[in-house]
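In what follows, a single structure is set out as structure tokens and then discussed.
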Amino acid sequence: GLLSSLTSLSLGDFLQGEFPSEMGLLTKLKQLRLAENNLVNTIPKEIGRLTSLTYLDLSENNSLSGFVPAELANLSNLSGLYLYETQLTGSIPSNLCSSSLMTAQIDCAKIECNCCTEAQDGTPCFWG
């Protein structure tokens, strides 16, 4: 459909419910900002299909939980990653640190990120 050629999507303070796995169909997407929503449950593994993605912001979704999907490792063009103020746990794939990732804001007390400056007090840690 028409949305398959979409390259940028920003929906803040708009979405409620589960993270739509159909986002994985938007394979030309370069920027995805779903910050400040009421997303719940987990990030679907289909996020790994968005290999053109350079910017991913899921911050301030306080009910977004579960493990950071290993499929994030497929996002080798990612330069900005924002996962703070969520309930996500796990780790950021280490290959992202050595590829194009330049900036990240992540809750280091919950998410392990070897490319972040360590901050274990619950404040976001930064890379870049």
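The values are calculated or read from the model by the stated rules, or taken from the named source; none is laboratory data. The structure presented is a predicted model; accordingly, all values stated were derived computationally and were not measured. No Cβ is skipped: glycine too gets one built from the backbone with ideal geometry, and neighbour counts run over all protein chains shown. These area figures cover heavy atoms from the full protein model, side chains too; ligands, DNA and RNA do not enter into them. Shrake-Rupley method; radii C 1.70, N 1.55, O 1.52, S 1.80 Å.
Assorted remarks:
- The residues of region 55-67 that are surrounded by fewer than 16 Cβ atoms within 10 Å (Cβ to Cβ) and either among the aliphatic types (A, V, I, L, M) or in a loop (DSSP other than H, G, I, E, B) (or both) amount to a single one, 62.
- Residue count for region 7-24 under the criterion of being surrounded by 15 or more Cβ atoms within 10 Å (Cβ to Cβ) and more than 12 Å from the chain's Cα centre (by Cα): the result is 3.
- Filter result (in contact with a Leu (Cβ under 6 Å, 6 or more places away or on another chain) and under 20 Å from residue 9 (Cα atoms)) within region 60-78: 61, 64, 75, 78
- Restricting region 86-128 to residues that are surrounded by fewer than 17 Cβ atoms within 10 Å (Cβ to Cβ) and modelled with pLDDT of 90 or more, the residue that is nearest to residue 10 (Cα to Cα) is 87.
- Candidates are the residues of region 25-41 that are over 11 Å from the mean Cα position of the chain (by Cα) and not aliphatic (A, V, I, L, M); the one that is least open to solvent (accessible area, probe 1.4 Å) is 37.
- Of all residues making up region 7-27, the number that are more than 15 Å from residue 47 (Cα to Cα) and either assigned to a loop (DSSP other than H, G, I, E, B) or modelled with pLDDT under 90 (or both): 5
- Top-ranked residue in region 28-44 [being outside any strand (DSSP E or B) and of a type in the set (Lys, Arg); ranked as farthest from residue 88 (Cα to Cα)]: 28
- Filter result for residue 48 (modelled with pLDDT of 95 or more and not acidic (Asp, Glu)): yes
- Conditions (1) on the phi > 0 side of the Ramachandran plot; (2) over 13 Å from the mean Cα position of the chain (by Cα); (3) at pLDDT 85 or above: number failed by residue 62: (1)
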